[in-house]
Structures are given as structure tokens and as C-alpha cells.
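Here, each number is a calculation from the coordinates, and none is a lab measurement. Just so it is clear, the model here is predicted, and its values are computed rather than measured. Don't worry about glycine lacking a Cβ; one is built from the backbone with ideal geometry, like all the others, and counts go over all protein chains shown.
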Amino acid sequence: MYDNSRKKSYTEVGVVISEKNGVRLLHLGGRMIQSAMRINAPNELELSYTRCMMGFLLFQPTPSHILMIGLGGGSLAKFVYHKMPQTKTIAVEINQQVVSVAHNYFALPPEDDRFQIIIADGAEYIANYALSMDVLMVDGFDEDCQIASLCSQEFYDQAWRVLRKDGILVLNLLSCDKNLNSYLQRVVDSFQGHVITMLSEVRGNLIVFGFKQNPGELFSKQLKDRANKLNESYGLPFPDFVYKLRKCSGKYSNCLET
């Protein structure tokens, strides 16, 4: 069980937890909100960008194996665990303290045969990973900045390597990051141009999907029909996600074009 007794704030060596209007927030060494949980709905996705990251289901609706780099409060891990019983998830987190906080304050489930946590550096873990996965989700920040080792050309090359032939890389980037175009170009290069983006909100997070093979037509009837079915299954606005999708050639400006 997680601790629901603290109503104001909790601070421990760079980890700050606060509550506001029934929502518990996690901060790691900066002002940026790393994770959020509505206390009366702990397994739902509170933040817009986390909902958008689940947009990969439009292209990979039945993943058997997901690897997540960066745990935070465990919002995505919880959602997959409770909503997708056919999926096994490994979460790689470098900070043991973050894992403890996620268990104690954010209702992270205990490990079992479908959910495993590994304490490791995400970039190093991927570089030495010998198996393959359907989806690789990357949400790694150090204070208010992207972790350099998780947005290098080498890392994106390794991400391409560890994905199955129809696998998808899912990245959370900041649209205001001064290095954003460099990151996007690296993903485009590693994934041979098979890159789609989704802006979660104006001046907000940019979600990037890198495909090991061509994802096909963005606005096909098949994709729209799948979006409607996913909306019914998961309660997320997948039809809106389809509308937000943009092909990306390596610049943020073309991620906004209609």
C-alpha cells in the first residue's frame, strides 16, 4: 500500500512530493513535474504527455514486451500493468530512491512475472541488451533537462537495434528544448526516416515515435477505426491522437504542419 497520509509536502535528497487539488506531484531536483497521480484514481494517466505516449497503441495494439527507461512515479508502468494484462514490462531506473518513493507514495505495484524494475543506467542497459522488445519508452530527465546519454546518436542507434521488426521507440521530449532539432534529426537518422511526432499541448511535451519499419498512412480508415476501438478500451482520446500525428523529417517546425 502507498502512503496517503501526507497532505502537504515531503522532501528527501532531491525528491520532492507535494499535493494540490487532490493530485500528488513528484519533482526531482527542479521545478519540473516528473509525475502526477490523482489520489482517487491512482492508476489513470493524469498528465497529458503520458496519455499521448500511449499513442503507440495505434500502431502496436497488442505489445507483449515493453521496456521503459525512467520510472518517475510510475504512471505509465501502472497504466500498462492494470490495463494491459497481456503485456510484460521492465522499467529501468537509475535512482533507487525514486523506486522507493513510487512504491510508497504513488501506488506502484509490487514486482511479479509481468512487472520488473531494474536499477541501472538506461543507456548502458540498452547498449548491453541482447533481447528484443515491441516498445521502448524513454522518459528520462535530470532536473529540468534531457539526460544527455538518452538522446545521443549512439543511444538512438541502440534503440533501433533492440526493437523487433515492427517495434516502436516512444520518446518524451520538451518542445522548448534548444537542442530539440538535433535530437529529432538523430532519431530520423537512426530510424531511417520512419518518425512521427505528437505535440501533447501548445509549448508542451513533444512525443516522438520511431518505427523500425514504415508505419503506413497516418489518416487511413483502418487507423481511425482502431482509434475508436482503443478509445473504448482504454478511455484515452485516441481519435484526437490521430489528428495530432505529424510526420517528422528532423525539424520541430515540420512537426506542427498540417
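Odds and ends about this structure:
- Dipole magnitude of the chain, debye to nearest 20 (Cβ charges: Lys/Arg +1, Asp/Glu -1, about Cα centre): 720 debye
- Nearest-ten-degree value, helix 221-234 long axis tilted from longest Cα axis of the chain: 10 degrees
- Placing unit charges on the Cβ atoms of the charged side chains and taking the dipole of the chain about its Cα centre, the candidate lying farthest along the positive direction among ALA148, GLY193, VAL162 is GLY193.
- Cα long-axis angle, helix 180-190 against the chain (0 to 90 degrees, to the nearest 10): 60 degrees
- Listed cross-link partners LYS88/LYS229; LYS212/LYS244; LYS83/LYS251; LYS88/LYS224; LYS165/LYS247; LYS83/LYS224 are compared with a 29 Å cut-off, the Cα-Cα value being larger for LYS83/LYS251.
- Fraction of beta bridges assigned by DSSP in the chain that are antiparallel (%, nearest 5): 65 percent
- Of the residues LEU171, LEU150, the one with the fewest other Cβ atoms within 10 Å heads the list, and the complete ranking is LEU150, LEU171.
- Formal net charge of residues neighbouring ARG246 (Cβ-Cβ distance under 15 Å; K, R +1; D, E -1): -1
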